[in-house]
1. Which one, (1) 20.9; (2) 18.4; (3) 19.1, gives Kirkwood radius over Cα pairs in Å as derived from the coordinates shown?
2. Quick check: residue separation of ARG184 and GLU2 times 0.36 nm, minus the Cα distance between them. What number comes out in nm?
3. Go ahead and estimate [θ] at 222 nm for the chain from helices alone: -39,500 (n - 2.57) per DSSP H run with n ≥ 4, summed, over the residue count, rounded to 500.
4. Which angle from 0 to 90°, rounded to the nearest 10, does the C-alpha axis of helix 37-50 make with the longest principal axis of the chain?
5. Tally Lys and Arg at +1 and Asp and Glu at -1 over the other residues with C-beta under 10 Å from the C-beta of TYR72: what net charge comes out?
6. If one takes the longest principal axis of the Cα atoms in the chain, at what angle in degrees, from 0 to 90 and to the nearest 10, does the Cα axis of helix 106-125 lie?
7. Give me the extension gain from GLU79 to PHE14: residue separation times 0.36 nm, minus the current Cα-Cα distance, reported in nm with one decimal.
8. Give me the number: length gained by fully extending ALA131 to LEU197, i.e. 0.36 nm times residue separation minus the C-alpha to C-alpha distance, one decimal in nm.
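The values are calculated or read from the model by the stated rules, or taken from the named source; none is laboratory data. Given the structure is predicted, the values throughout are model-derived calculations rather than measurements. Cβ: placed from backbone, ideal geometry, glycine included. Neighbour counts: every protein chain shown. Just the protein is used for accessible areas: all its heavy atoms, side chains included, with ligands, DNA and RNA removed. Shrake-Rupley method; radii C 1.70, N 1.55, O 1.52, S 1.80 Å.
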Amino acid sequence: SEGEQRCLSIAAFFAELSTADDPSGIVFDDPVSSLDFQWRNGVARRLVQEARTRQVIVFPHDVVFLLSLRQYAEELGVEPLDQHVRHQSKGAGVCAEELPWVALPVKKKIGYLNKCWQDADKLSREGHQDAYEKEAKYLYGLLREAWERALEEVLLVGVVERYRPGIQTQHIAQIADIKPDDCRAVNTAMTKCSTWLPGHDKAAAARSPVPVAAELKADIKALEDWVAGIRKRRKGSA
């Protein structure tokens, strides 16, 4: 099969590489195309192992493989350098020194939200109300996603994460301190964010104004404080 041929090619390449004295960098473009889950993880680990001794550039085409690379990098003590290459109206190959939103950890999601809020606040201050409301609703959608990420990354300390096959049983003891207030904060924030998600038509009589910029900022800050509070509490009890 195509997948078996790819596995053999990658294995042969690394076998030859192990006998070479040349420390030059290597580049892979979507190396796990047609591979099943088992082999994808094997390739990810091998790439990260090689990155200990040489520059390894990988162009993953899906988030699952990207997160697998990052997981092994953390386990093996390899510091990754993230670049996001995308296609925009001005052309292809536009680079940003960050991961795509879907792969960002909660800390960077909060940073991204704060950056976007500044643009939304400027629209509001300059009187572009329609544009502000459109941006604010979009940000509430992202804020809801950030709360979901915080739930698995912070409250559940990564015990169970999307796209990861294993369960981190060594972290289970940390979730024993979860309090009703922690859960209420998540539920309240998710409910409010969902109110402003595009695509939900509201009865004319029930329409309420989109939260102003200061309230949007406070809602982002609520997530930031919630994350910081839980991490501080657990660090103090460690």
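1. So the calculated entry is the one marked (1).
2. Additional length available on full extension: 60.5 nm.
3. Numbers: 7 runs with 127 residues, N = 238.
Counting only the DSSP helices, I get -18000 deg cm²/dmol.
4. On a 0 to 90 degree scale, this one is about 80.
5. Numbers: positive: ARG45, ARG46, ARG70; negative: GLU74, GLU75.
Here the charged neighbours net out to +1.
6. With rounding to tens, the tilt is 40 degrees.
7. Details: separation 65, 0.36 × 65 = 23.40 nm, distance 2.11 nm.
Taking 0.36 nm per residue and subtracting the Cα distance, the gain is 21.3 nm.
8. Here the answer is 22.2 nm.
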